[in-house]
Amino acid sequence: MQDGKSVYIEGTDFGAYNAMEPLYGMFGCDFIDYGQPSFVGNVLSLEGQDGTIAEGMSYAYLYQQGPDNYVDEIGANSGTLFVKSQDGKGRGVCYGGPLDNYRAIHSTVIFGALTNGANTKADLMAIYMNYMLQLTGVNEYSAQQTRNAFSVFPNPVATNTSISFSLLRPAHVVLSVYNTAGQLVTRVADQEIGTGDHVLVWHAIDSNGRRLSNGTYLLTMKVDGDVLSRPIVILR
């Protein structure tokens, strides 16, 4: 993986099929076991581990149902085991790369099969996004400043967020927000902008001025023939 990049992979059999591939090592994981068929059961609940990104988080899971079929058990190699199931088996690892130069999360459980309780799925997604975006801008802005930079802070967003970017030359900039269905929510900017550093504030509203509901959105910036993107989590 390249410096500054982030990747999230979930799947009950990702390790079962890829444990011997170089890609698997990039997640800082050790594959331990294939898990059991769903009629036997694997994951009843999940607990975030102390001192990790998921500390204090707790979720129920769709036990003995489709998403609970042959859920891989994993351990941490160079990464951090951040969540375990009720039986103490590892189900999620996060990793920053050998030089802390990228962000990777592998979850053997299916995110959509978690059940909201004291902690919601939106809470966990916000944690994931915060971790994945810790290197925001590194991948788009080299030491030689050969590309345009683009970052968002804060993220997750409660009321508003600042979109910061730097242009190497005057350009037409289009900043757009899309929902998870790929539908355009709003245009934050569609204009000619000069060279240098710029900050635009977005108030987490759609094109009609309505407050957006909690969830994950995609912010894209089109400039100089490039399309850069950042996921944004709204969590009010």
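The values are calculated or read from the model by the stated rules, or taken from the named source; none is laboratory data. Everything numeric in this text was worked out from a predicted model, so none of it was measured. No Cβ is skipped: glycine too gets one built from the backbone with ideal geometry, and neighbour counts run over all protein chains shown.
Brief remarks follow.
- Scanning region 2-41 for residues that are at pLDDT below 90 and on the phi > 0 side of the Ramachandran plot returns a single hit, GLY4.
- Within region 207-228, the set of residues being closer than 15 Å to THR159 by Cα and either within 22 Å of the chain's Cα centre (by Cα) or in the same structural domain as LYS121 (by TED's automatic domain parsing) (or both) comprises LEU212, SER213, ASN214, GLY215, THR216, TYR217.
- Residue within region 182-205 that is basic (Lys, Arg), more than 16 Å from ILE234 (Cβ to Cβ) and at pLDDT below 95 present: no
- Filter result (within 20 Å of LYS121 (Cβ to Cβ) and in contact with a Leu (Cβ under 6 Å, 6 or more places away or on another chain)) within region 179-230: ALA204, ASN214
- Inter-residue pairs, beta-carbon under 6 Å, first assigned by TED's automatic domain parsing to the domain that holds ASP206 and in region 168-192, second part of a loop (DSSP other than H, G, I, E, B), 6+ apart: ARG169/THR195; PRO170/GLY194; PRO170/THR195; ALA171/ASP224; VAL185/ASN179; VAL185/ASP206; THR186/ASP206; THR186/SER207
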